[in-house]
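Since every read-out is calculated from the coordinates, none of them should be taken as a lab result. Computed from a prediction, not measured in an experiment: that's the story for all the values here. Glycine also receives a Cβ, built like all others from the backbone with ideal geometry; neighbour counts cover every protein chain displayed.
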Amino acid sequence: MTTRMRFVVETLVATSCFILMAGAPARAGQEDAASSSAIAFDLTDLSKTPANIAPAAMLKRASFQVANLARNMLNIQAPFTTVGKLRSREQSETADWWVEVDALQGRALLISKRPAGEPAATRATAPTRAALKEDSMRLLKSFGIPYGELGEVVQTAAMGQVITRDNQVGAPTLHAHKTFVFRTVNGIRVDGHRSVITHTPAGALSRALIKWPPLAASGHRMTSRFTPAEIQNLAQQAISARGDHPEKVRLRWRYEPVSTPTGEVVLKLRAQAVYHTREGKTEEHIGEPTAVNLDVSGDN
């Protein structure tokens, strides 16, 4: 091959490589744009923007006193004995109950010392789901939670199996009834705030876990200046930045609680994008959804 022919060939190869390299980013960008535009957004839950109004009735810090739990939730007149104290956490007990309260964290835990299978004193038959829900709501209201903050209720049955000494597994039996109650303010769920009420199979209260810090008197950011279309654009940008490629995205309101030094929380409105990624979903299994919070509170 002559020097002139070799020069022409090398020039053609170099030019072809340049064209391929220059064309690759354009195609990648087109694929990303097509992937983003293929997302189907559900804006139903954003149809009404919440007002910047805090609830009139609020849970008080005094609700986290042991005396309140004993008197109003457990109907116990005898005093509890303090058995431990660390910073804002206090542990107390009687012959039948063990209690831990933390007013600074807005948390209370009650545990019965009675055997799990002991029948309820006032019920002769197995309780219905409606009766368990009613009892759970009554307990939370007696604790001091305003009715308007008692949101979605989810009820489950905890099952158990006995393994014998010869490693034989027994049939599943009912271990406990659990009622989850999620906190809502103005009809919008507050992230991380809920209660779990546990009843025995016979319907007796056996355990209660309450995570429900009092709301601050002021400082909340409970509304948004963004329109649903603007929030959709923010969500699309956030999802693209994560490198996710969902087919469907549901947008909904959420309140994010921000703790104060005194234990109360202020609420900040967020829009939440919830979706399953294509990579994490198969015909046999759908994993936990991804939830991305978008700052759309009124202080923006």
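Work out from phi, with θ = phi - 60° and the Karplus expression 6.51 cos²θ - 1.76 cosθ + 1.60, the ³J(HN,Hα) of each residue of the range 63-72, listed in order in whole Hz, and give x for Gly and Pro.
5, 8, 7, 4, 4, 5, 4, 5, 6, 8
Count neighbours as other Cβ atoms within 10 Å of each site's Cβ, and list the trypsin sites (Lys or Arg not before Pro) in the range 161-257 that are DSSP loop with at most 11 such neighbours.
When the trypsin sites (Lys or Arg not before Pro) of the range 161-257 are filtered for loop state and at most 11 Cβ neighbours within 10 Å, 165, 225 remain.
Could you pull out every residue, at least 5 positions away or on a different chain, whose amide H is within less than 5 Å of the one on residue 176? Hs are placed 1.01 Å off N in the peptide plane, and Pro or chain starts have none.
Distant-sequence amide H within range of residue 176: 158.
Between the alpha-carbon centers of the range 125-146 and the range 156-226, tell me the distance in whole angstrom.
First find each Cα centre; the distance between them is then 12 Å.
With a/c under 1.5 counting as rounded, go ahead and sort the range 120-200 into rounded, prolate or oblate using the C-alpha gyration tensor (a ≥ b ≥ c being the square roots of the eigenvalues; past the cut-off, prolate if a/b is larger than b/c, else oblate).
prolate
Go through the range 262-277 residue by residue and turn each phi into a ³J(HN,Hα) via Karplus (6.51, -1.76, 1.60, θ = phi - 60°); whole Hz please, and just put x for glycine and proline.
Ordered by residue, 3J(HN,Hα) equals 8, x, 6, 10, 9, 9, 10, 6, 10, 9, 10, 9, 10, 6, 9, 6 Hz.
Under 23 Å between alpha carbons, and skipping anything fewer than 8 positions from residue 211 in its own chain: which lysines qualify?
Of all the lysines, those that pass the test against residue 211 - Cα under 23 Å, at least 8 places apart if same chain - are 60, 85, 113, 133, 141, 178, 268.
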